[in-house]
Amino acid sequence: MSARGLYRTKMPESGAEFARVFYGNSAPPGEIPRPLYEARGYKPRFDTLPTRGEGEAAPAINNTNEANIGEQAYTAIYNRLLEVGLLGPNDESFGDVSERLRMQ
């Protein structure tokens, strides 16, 4: 899952612009300067991001949807590995599979 912008903000004293970025379930959201946001090609475009007030007013359901999508993907992959015999019934994670394959 790729990172995406949540909202933009501007520092009143310096005028520097920042974007709040959601990196997925692996890391908490963080703020990065506009030039870095644009250089990395995050979506949506910086100019189309909502302002901080608009972004924070949006329901927190977006993060919940991201978590649900991640969980569904993990479950689908886990089930497929079980089906093709790469994952045993006692394996609890993909790490168990990779360790077993590495030992072969």
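Each value in this text was obtained by applying a stated rule to the coordinates, not by laboratory testing. In this text, all values refer to a predicted model and were calculated from it rather than measured experimentally. Note that we place each Cβ from the backbone using ideal geometry, even for glycine, and neighbour counts take in every protein chain shown.
If Lys and Arg each add +1 and Asp and Glu each add -1, what is the summed charge of the other residues whose beta carbon sits under 11 Å from the beta carbon of residue 47?
So the environment of residue 47 carries a net charge of +1.
Can you compute the charge dipole magnitude of the range 4-58 about its Cα centre, using +1 on each Lys and Arg Cβ and -1 on each Asp and Glu Cβ, nothing else charged? Give it in debye, rounded to the nearest 20.
Using only the charged Cβ atoms, the result is roughly 200 debye.
Would you please give the FRET efficiency between residue 16 and residue 76, computed as 1/(1 + (r/R0)^6) with r the Cβ-Cβ distance and R0 = 41 Å, to the nearest 0.05?
It comes to 0.45.
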